[in-house]
Amino acid sequence: MTVLEKIGSPPARLGGTALYDWDYLVQEDRAHRLIYTDPAIFEVEMTHIFGGTWTYLAHESEIPRENDFITRRMGLRPLIIVRDSEGKIRALYNRCTHRGTTLCRWDKGNSKSFQCPYHGWNFLNTGRLRGVPWPEGYAADLRDPKYNLAQVPRVESYRGFIFGTLNLDALPLTEHLGPISTVIDEWLDRNPGGKVVVCEANRFRYKGNWKLAYDNSCDGYHVAYSHRSLLETENRFAGENAKGMAYYRNSPDTQPMYMRYTGHGNHFKDKRPNLEKRPGGLWALESAHPGMEHYESEFIKRYGDRAFALLDLAGSEPVNINVFPNFSLLGNHIQVFEPVSVEETNAIWYGTMIVDDDGKLGKDAVTDINALRMRTQEGFPNFGEVDDVANFEQIQRGLMAIEDEWVYMNRGLGIPGRVKTHEDGSITAPATDEAFMREHFKEWKRLMKTRANFAIQREP
Ligand code: FES
Ligand SMILES: [Fe+2]
């Protein structure tokens, strides 16, 4: 006998923040395909999510000196993230106030001012209009603040990570991050001086919605299947050891790891309980890759007793930390999701180096660690991320099946004792559960429903 599924009536379009029935589109156990495919919903996200909450913009080490700048985006808004002549970090709209062209076409650089390539209006890196060609042609007073560049009104850093929001009512960044900052602190504090410096990036662009990447960020369920070729390679090297991906080969829920949701859409997956607390404990878990034994023996030859503690600084931290909507720390990478359109996204993996501010490690050791760190950071983006983006593209295709409306996120839901809510409000579950996704969608829905108190700012 064939069972016909009834097709739900399409959600009503009402206009404004009540454009859709958000409670219908995102339910406890499932989400409607439209949230990944509808351009109108994407448009709402570009203000309510990328604007309504704290969005990661850049790392302070990318603009270390006065007048350094880097061009980035917040949602679709082009921005210039600049450390101005007085050292203040600003997120200027990269959009000329004359006729709207992008002002700065460089990825990064150092400049006290920006000159528009179209008609030559010139702006200071505080955003103030400095001058225009042949001003006698204007009757208007060009000192009017409306001619100064728009900027993101709230830009705050947490230990080097720069975030911005247009929402005047958003909590201060540290309060917004809340408990996830503890695990960010741990990620940083394992490095000398509690610091990293951002390097260049592996850049991916996939044909799929940005949320597909965030939905995958804490997903421990897909690993054994999606990353099978990587897992098989690592199994060959790992023997009985729980190295890299090989960790997932047996029932992942019985392994010492878990996921924790900490609020505001943020979560992390923690494989650190698997770590032996000894010098070399982290290095022992590092994914196998060609030349590894050689590096290891070189470190032992050069640094003797210190070798394993130093190797740990090159090894990948076994935790995935995700800050909604666009920021992840994985291993030693900073991953950033940049929406391009409803069905296109950039996924950028910035590598990180360590620094030795207080000279404790010595120049040779830092150079060797960072060279090896580069090798360990080549692995996952090249051999793992390709599997993930292939999935994202195939999901986007699958979701073109209009009448088959729902995607399910109910793994772990309704099994007594499996998902635990703690006193601080955080939620833990086994590593393969979709509790993280159910929770970040509550935050997504809250933001989509809320008419936020938005503003931009200009210099007076
Ligand atoms: S658009 Fe920039 S000067 Fe005309
Ligand atoms: Fe993956």
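Listing for the model above:
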{"item": "Failed item in (1) acidic (D, E); (2) within 17 Å of C218 (Cβ to Cβ); (3) surrounded by fewer than 19 Cβ atoms within 10 Å (Cβ to Cβ), with E276 passing the rest", "result": "(2)"}
{"item": "All positions within segment 389-400 that are in contact with a Ser or Thr (Cβ under 7 Å, 6 or more places away or on another chain) and open to solvent by less than 30 Å² (accessible area, probe 1.4 Å)", "result": "L399"}
{"item": "Test: residue in segment 210-223 that is away from ligand 2 (no atom under 14 Å from the Cβ) and touching a Leu at 6+ places or on another chain (Cβ under 9 Å)", "result": "no"}
{"item": "Among the candidates H294, H289, residue that is in contact (Cβ under 8 Å) with a residue 40 or more places away in the chain and not in a strand (DSSP E or B)", "result": "H289"}
{"item": "Odd one out for A314 among (1) surrounded by 22 or more Cβ atoms within 10 Å (Cβ to Cβ); (2) under 16 Å from M257 (Cβ atoms); (3) hydrophobic (A, V, I, L, M, F, W, C)", "result": "(2)"}
{"item": "Filtered residue count, segment 20-55, keeping only those that are assigned to a loop (DSSP other than H, G, I, E, B) and farther than 28 Å from L173 by Cβ", "result": "7"}
{"item": "Meets criteria (open to solvent by less than 10 Å² (accessible area, probe 1.4 Å), modelled with pLDDT of 95 or more and at negative phi) for N266", "result": "yes"}
{"item": "Positions within segment 83-112 being touching a residue at least 24 places away in the same chain (Cβ under 8 Å), open to solvent by less than 30 Å² (accessible area, probe 1.4 Å) and within 12 Å of ligand 1 (Cβ to nearest atom), in sequence order", "result": "C96, T97, L103, C104"}
{"item": "L282 being surrounded by 18 or more Cβ atoms within 10 Å (Cβ to Cβ) and at pLDDT below 95", "result": "yes"}
{"item": "Any hit, segment 357-380, residues being aromatic (F, W, Y), assigned to a helix (DSSP H, G or I) and surrounded by 20 or more Cβ atoms within 10 Å (Cβ to Cβ)", "result": "yes"}
{"item": "Restricting segment 326-345 to residues that are touching a Lys or Arg at 6+ places or on another chain (Cβ under 8 Å) and buried (at least 18 other Cβ atoms within 10 Å of the Cβ), the residue that is modelled with the lowest pLDDT", "result": "N332"}
{"item": "Selected residue (only one of P430, P416, P460 is more than 24 Å from the chain's Cα centre (by Cα) and in contact (Cβ under 8 Å) with a residue 60 or more places away in the chain)", "result": "P460"}
{"item": "Residue that is farthest from T37 (Cα to Cα) [pool: residues in segment 402-413 that are open to solvent by less than 60 Å² (accessible area, probe 1.4 Å) and touching a residue at least 60 places away in the same chain (Cβ under 8 Å)]", "result": "M409"}
{"item": "Filter pass, V323 being open to solvent by 10 Å² or more (accessible area, probe 1.4 Å) and hydrophobic (A, V, I, L, M, F, W, C)", "result": "no"}
{"item": "Positions within segment 35-56 being in contact with a Pro (Cβ under 8 Å, 6 or more places away or on another chain) and surrounded by 18 or more Cβ atoms within 10 Å (Cβ to Cβ), in sequence order", "result": "F42, E45, I49, F50, T53, T55"}
{"item": "Residue in segment 196-227 that is nearest to E443 (Cα to Cα), counting only those that are assigned to a strand (DSSP E or B) and in contact with a helix residue (DSSP H, G or I) (Cβ under 7 Å, 6 or more places away or on another chain)", "result": "Y206"}
{"item": "Residue match in segment 113-129 (condition: open to solvent by less than 20 Å² (accessible area, probe 1.4 Å) and of a type in the set (S, T, N, Q))", "result": "yes"}
{"item": "Yes/no for R77 being closer than 21 Å to N266 by Cβ, away from ligand 2 (no atom under 16 Å from the Cβ), without any contact (Cβ under 8 Å) to a residue 60 or more places away in the chain and under 22 Å from the mean Cα position of the chain (by Cα)", "result": "no"}
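Per-residue answers, yes or no, for (1) modelled with pLDDT under 95; (2) farther than 29 Å from N266 by Cα; (3) in contact with a strand residue (DSSP E or B) (Cβ under 8 Å, 6 or more places away or on another chain); (4) assigned to a helix (DSSP H, G or I):
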{"site": "L57", "(1), (2), (3), (4)": "no, no, yes, no"}
{"site": "R72", "(1), (2), (3), (4)": "no, no, yes, no"}
{"site": "L92", "(1), (2), (3), (4)": "no, no, yes, no"}
{"site": "T101", "(1), (2), (3), (4)": "no, yes, no, no"}
{"site": "G109", "(1), (2), (3), (4)": "no, yes, yes, no"}
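The values are calculated or read from the model by the stated rules, or taken from the named source; none is laboratory data. Note that this is a predicted model, so its numbers are computed, not measured. All Cβ positions, even for glycine, are placed from backbone atoms using ideal geometry, and neighbour counts span all protein chains on display. Surface accessibility is based on the protein's heavy atoms, side chains included, excluding ligands, DNA and RNA. Shrake-Rupley method; radii C 1.70, N 1.55, O 1.52, S 1.80 Å.
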